[in-house]
Structure formats: structure tokens, C-alpha cells
Amino acid sequence: MKNIRNFCIIAHIDHGKSTLADRLLEVTKTITPKEMQEQTLDSMDLERERGITIKSKAIQMQHVHNDEAYTLNLIDTPGHVDFAYEVSRSIAACEGALLIVDATQGIQAQTISNLYQAVDHDLTIIPVLNKMDMPNAMPEEVEDQIIDLLGCKRNEIIHASGKTGMGIDAILEAIVENVPPPVGDPEAPLQALIFDSVFNSFRGIIAYFKVVNGEIRKGDFVKFFNTEKEYYADEVGVLGLGLVPRDVMKTGDVGYIISGIKTSKEVKVGDTITHVKRKCAKAIAGFEEVKPMVFAGVYPIDTEDYEDFRVAIEKLQLNDASLTFMPESSAALGFGFRCGFLGLLHMEIVQERLDREYNMDVITTVPNVPYNVYTTRGEKLEVHNPAGLPDGGSIDYVEEPYISAQIITHADYIGNIMNLCLGKRGELVKQHYLTTNRVELVFDMPLAEIVFDFYDKLKSISKGYASFDYHTTGYRPSKLVKLDILLNGENVDALSALTHVNNAYNLGKRMCEKLKELIPRQQFDVAIQAAIGAKIISRETVKALRKDVTAKCYGGDITRKRKLLEKQKKGKKRMKQVGNVEVPQKAFLAVLKLD
Ligand code: GTP
């Protein structure tokens, strides 16, 4: 146990975490150059393309320092806010953290939010200034920021480059010398923390854990504390480049268990594994049920694909436990599901995976956050869907989720950011200068306000010089209304949105304007109206086509006509018939793209 080091890498997105991890694997010869593919730890195609780490993984390295052999377990963490809970569990499995800061960018919002979590778990922090090979690196300025944040000494900050390999040996030395070995009682009843799980189509669910106390052997009869499910440990082992089976995993070890678990729902990240016969007294602290915070209706474009779609989404959930879904139907879109996502990025990823891995073309409706509705009869309802809002008379009050939003920016943009956040019903709770020109701003804000176009706006008003992170803080009462959209007098349920009363008029007006742009001209006038209850608050009209463009083909060349029909059919795929109006798919997301 004394020669084990468990550590993670925390960094803001794109600060070079994966590249640096690759160098560590190379230098410790965990991977031969031949096996070395760029960013080995990011195995999903989608991750590679988007350059983000979605699911955290772990890998074991062997390293000799002063003639002693050490086992180093690197636990990779995802960097995006949507996956913050996974970061927190990975951190809980470690004793140390490399804090990587891009020398050209300086400290950003996620650097700080992840660091706070690491400090909360008493991890030893090793500061690393990365990308030192770049000509625009600002080592002194960024060192000042790190010193201010950590209270460390200047000479403790390691200068490194994932590109050239600079500083990698120094990092390995710091891990061995400074990160404490795991503590724990080898004699105590088994307690192992699950920090991740993956789905493998041959082997089922593989759960990753760290043994906090006691030991686990192959064949043991074990219990998952929070789900109360019991399994035989068919296989346990450590994580090399693949799975390496072992007979026993001892206190401090990091590894995997395969135990006939079929779906990811049975394994909860943060849960504790113990023995059935010799049960631990309590679970490892900090377990949370991850709750989806963004909901949207997802519908197959072709209604005949509903069964295939159901199968696809069920399969997808096997390896993505944070995705939830319930059948839902819409007058406009037919049968589909109301899906719950951790955040907007998660929603995009699911949509893309459905398309790529299952060849499913889907329409996603306007997303919304979960609301708590208290009725006059004293009931509490959780509403995930505008259609689920009870009628006005029976509502006592509504609560919406709030977040604490952390923004780090250049001082020049404070004014713009204040305007943006206050306009989004934010309240400033903290303003802290990290250096003379870098500021940390903290706002309390409704989550609903960042679900739409917050990121894009923040980026454009700060010319890209603002980073953002958030965590949810609870629910607060809110004045909410349901905004309906009517096309030629017919209510299009899939376009309804729940919104704060102060935003409703503006949102209705902008939605009508946007839909006017997006709905193509048809053989007749199309009236677009926004309404709250029976009251119409805005109206636009798409004028009828003056002339029938297909008319000239009639009686003409048959192949040409067929071609035109084919083309029309393809075009139709991305259209939905709503009453007598053809609506393009992008119209359903119009509200996300309002200027
Ligand atoms: P996420 O996993 O998405 O959080 O990103 P990451 O932090 O793992 O960053 P990644 O390793 O993917 O690097 C981001 C970009 O920076 C890539 O284009 C890398 O090639 C580049 N990069 C990483 N490290 C260095 C470095 O030391 N020097 C230079 N010049 N470029 C680097």
C-alpha cells in the first residue's frame, strides 16, 4: 500500500490534460510507441472528434523511483460542467491531483471549480504550467495566479509541455514524493468506492472502483450498498491498457469488477461495494443520485421508426445511466420520448450518438428545466414538460432550479457580463480580483436562463475571454407562464415553452419572428401566433407562394419529374406536417437560436 499513488488530473477544457496523460503513459512504458495512438484515454469516436473527455477512465502505470517500484493509478476525469458529478467521484478516489493550467490562457472557471473539489477532499495538489513550448506562454503572470490561488511557492510549479515532453519526469517525481499513499484498514470490512462504469457488449457492465478498506477477491459474494443489489464478483482486476484480471484487490488498489450486471442503471457512480456476509457499517460518504436538469421531447422524424427508436434509446441507456426517458406523445410530432439530460452538451451528445450509432434521425423539442409545482390542494408535482403544467387555477406556486454561476474574465468585460447576467435574472454574489486584470464573478441565477443561448452570448460579449462553470444550488419560487405557438390557429404542442412571466412577451415576439424566417412559403398564408392562455401576444404571417413552381413539370419529361419527386421526398424527411403546414425540423429548435 505504501508504494501506491492514486491521482487525477484536473484542468479546464483544452488545457492539455489528455495530451499530458499520453506522455505519462509513454514515459512509464505503459504503452509502447506502437500502441500509442493520440489521446489513448479518449476511446469514443465522438470524444475524439469533439476533443472532450466524456466518460472518465482509469489506467495503472509502473514507475521506478530511487530503485523502488511504485504503482501509479491515473484516474481520468471529464472536464465539462455537465459531468461535474463524475469529476467529484473520481476526485474522491484519489489522494493527489495534478492541477494543469495552460500557460497561454491562465486560470479558468473549471480550473477553480475542480480545484475546490480537490481541496475539499484534502488532495495534495501538484501545480503544472502546461504548454510551455508555445511562444505566447506567460509563465510569470500565470504563476502569480496559481500562487494566489494555492498559496504555494513559485518553485513548486512544474513547467511542462505535453507536446515536447518537457517536465514529465519532474511530474512523476512529484507524484511519488508528494502524493501520500492511500490510507485505509486492510482488516476492516470491504468498502470500495465506484467512481465510474462502462458498458461492454460482450461482458456487460464493468464498474471501476477503489478499495477504501478491506479487500475483494474473485468469486466473493458482494452487495452494492445504495442499490441493495447482490452479485458474485466473476472477475476483478487492475486497469492496464486493457483489463488485467487479479485474484485479489487490496486496500488502496484501483481496479474493475465484472459481476453479471446487465444495465448501467444497476450501477450508481458513488455507490459502495461491500461483502454480503461481512457488511460495512455505512456507505462511503458523498453519494448522490444524479438528476437530469434539462428535459426535451425527442421524436423520430418518421413516425414509423418509433419501435426502432425505442430499441435504440434503450440500448443507449445501457451505457449512459444519466440518460432518462419516458414515453410521450405530441399532436404535432406523434410518439416519442421525454428525455432527461445532465445538461445541453449531454443532450447534443445523445442526439449525435442516436444518429451515428443507431442511424436514427430525430427531432428534439425546446428543452426546459424541471419545475416543482405546488397545487392549491397541497400536492407537489415535478413538471418536465410544458404540457404537464396544470391549469392556472390549480397552481399555488412554482419553484425553479437555481445555480451558482462562476465566471472568470478579463476586467475589460465586467460591464458586458454584468449586463448579460442581470438581464438573465442573475444576482451578483461575489466579485474577486485574481490579478489586476482577471476577475472572478459569482452569480446566483435561474438554471433556465442558461439553458438557451447563454454560452454563445457570453462568448461573444467577452470576445472569448470568459470561462464559465456552475453548480445547482436548489429551488426558488418563480412566476412562470406557458407560452403557446399557433400555426394557422392550431396549437403546436411541441413548440410550447415554459418561461418567466417577464420574458414571455419578448420570447413570444422573437419566436414568431424566427419561425417566420424558418417556415417556407406554402400554397396559402401561414399565420404564426404566440399566446399565453387565450391571449395572443404576437403575430407574424408567412405569405403564400405566388406561383406553383412544380406546375411547369407536368406533362414534361418523366425522368425530370421523378427526380423532382425524389428530391421532394428527401426534403420532406426534414419536414413535419403540422395540420396543413409543413414545418422544417430546425423550427422546433428555433427558440435556442434566437438573436
Ligand atoms: P479535454 O479532455 O477536452 O478537457 O481537453 P484536454 O485538457 O485533454 O486537452 P487536450 O490534451 O485534448 O489538448 C487540447 C489541445 O491543446 C490539443 O490541440 C493539443 O494538441 C494541444 N496541446 C496540449 N498540450 C500541449 C502542449 O504542451 N503544447 C502545445 N503547443 N499544445 C498542446
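With the structure loaded, tell me whether K279 is assigned to a loop (DSSP other than H, G, I, E, B) and more than 18 Å from E86 (Cα to Cα) or whether it fails that test. Yes, satisfied.
Given the structure, is I107 closer than 15 Å to T409 by Cα and in contact (Cβ under 8 Å) with a residue 24 or more places away in the chain?
For I107, the condition - closer than 15 Å to T409 by Cα and in contact (Cβ under 8 Å) with a residue 24 or more places away in the chain - is met.
You will find that of K514, K543, the residue that is among the basic types (K, R) and under 26 Å from G336 (Cα atoms) is K514 and no other.
State which residue is modelled with the highest pLDDT when the search covers only segment 140-156 and only residues that are more than 25 Å from F468 (Cβ to Cβ) and touching a strand residue (DSSP E or B) at 6+ places or on another chain (Cβ under 9 Å). This residue is E156. Within the option set K163, K153, being within 16 Å of the ligand (Cβ to nearest atom), closer than 30 Å to V142 by Cβ and among the basic types (K, R) holds for one residue only, K163.
Could you list all residues from segment 514-532 that are touching a strand residue (DSSP E or B) at 6+ places or on another chain (Cβ under 8 Å) and not in a helix (DSSP H, G or I)? Across segment 514-532, the qualifying residues are I519, P520, R521, Q522, D525, V526, A527, I528, Q529, A530, A531, I532. The set of residues from segment 166-201 being outside any helix (DSSP H, G or I), at pLDDT 95 or above and within 16 Å of the ligand (Cβ to nearest atom) comprises M166, G167. Screening segment 94-143 for residues that are under 20 Å from A285 (Cβ atoms) and among the charged types (D, E, K, R) and picking the one that is surrounded by the fewest Cβ atoms within 10 Å (Cβ to Cβ) gives D122.
The residues of segment 253-304 that are acidic (D, E) and surrounded by fewer than 19 Cβ atoms within 10 Å (Cβ to Cβ), listed by number, are E288, E289, D302, E304.
Scanning segment 1-39 for residues being in contact with a strand residue (DSSP E or B) (Cβ under 9 Å, 6 or more places away or on another chain), more than 16 Å from the ligand (Cβ to nearest atom) and modelled with pLDDT under 90 gives a total of 2. Only residues that are out of contact with any Gly (no Cβ under 6 Å at 6 or more places or on another chain), among the acidic types (D, E) and within 13 Å of the ligand (Cβ to nearest atom) were counted across segment 65-85, and they come to 1. Among all positions in segment 308-324, there is at least one residue which is over 27 Å from H500 (Cβ atoms), acidic (D, E) and at pLDDT 90 or above. Among the strands (runs of 3 or more DSSP E) confined to segment 458-513, the ones with at least 3 residues that are closer than 20 Å to L420 by Cβ, of a type outside the set (D, E) and touching a helix residue (DSSP H, G or I) at 6+ places or on another chain (Cβ under 8 Å) are located at 466-478. Within segment 108-138, the set of residues being over 30 Å from V211 (Cβ atoms) and either modelled with pLDDT of 90 or more or assigned to a strand (DSSP E or B) (or both) comprises L129, N130, K131, M132, D133, M134, P135, N136, A137, M138. Residues of segment 219-243 that are surrounded by fewer than 17 Cβ atoms within 10 Å (Cβ to Cβ) and either basic (K, R) or free of Cβ contacts under 8 Å to residues at least 12 places away in the same chain (or both): E228, K229, G242.
Confirm whether K576 is crowded, with 16+ Cβ neighbours inside 10 Å and either modelled with pLDDT of 65 or more or closer than 30 Å to I450 by Cβ (or both). The answer is yes for K576.
Please specify each residue of segment 217-257 satisfying the condition of being more than 25 Å from E95 (Cα to Cα) and assigned to a strand (DSSP E or B). Outline the logic, then answer.
Quick first cut of segment 217-257, residues more than 25 Å from E95 (Cα to Cα) only: 218-223, 227-235.
The answer is F221, V222, K223, K229, E230, Y231, Y232, E235.
Could you check, for segment 203-213, whether at least one of its residues is modelled with pLDDT of 95 or more, surrounded by 14 or more Cβ atoms within 10 Å (Cβ to Cβ) and touching a His at 6+ places or on another chain (Cβ under 7 Å)? No, there is no match, as no residue in segment 203-213 is modelled with pLDDT of 95 or more, surrounded by 14 or more Cβ atoms within 10 Å (Cβ to Cβ) and touching a His at 6+ places or on another chain (Cβ under 7 Å). Residues that are touching a residue at least 24 places away in the same chain (Cβ under 8 Å) and more than 20 Å from the chain's Cα centre (by Cα) within segment 327-361 comprise E328, S330, A331, A332, L333, G334, F335, G336, Y358, M360, D361, listed in sequence order. Might you let me know whether segment 443-458 holds any residue that is surrounded by fewer than 16 Cβ atoms within 10 Å (Cβ to Cβ) and either touching a His at 6+ places or on another chain (Cβ under 8 Å) or not assigned by TED's automatic domain parsing to the domain that holds K514 (or both)? Yes: one or more hits. Filtering segment 388-441 to residues that are more than 25 Å from the chain's Cα centre (by Cα), hydroxyl-bearing (S, T, Y) and surrounded by 15 or more Cβ atoms within 10 Å (Cβ to Cβ) leaves only Y413. Among the residues of segment 426-475, the ones that are polar (S, T, N, Q) and in contact with a Gly (Cβ under 8 Å, 6 or more places away or on another chain) come to 0 in all.
The values are calculated or read from the model by the stated rules, or taken from the named source; none is laboratory data. Fair warning: this is a prediction, and the values are worked out from it, not measured in the lab. We place every Cβ from the backbone using ideal geometry, glycine too, and count neighbours over all the protein chains shown.
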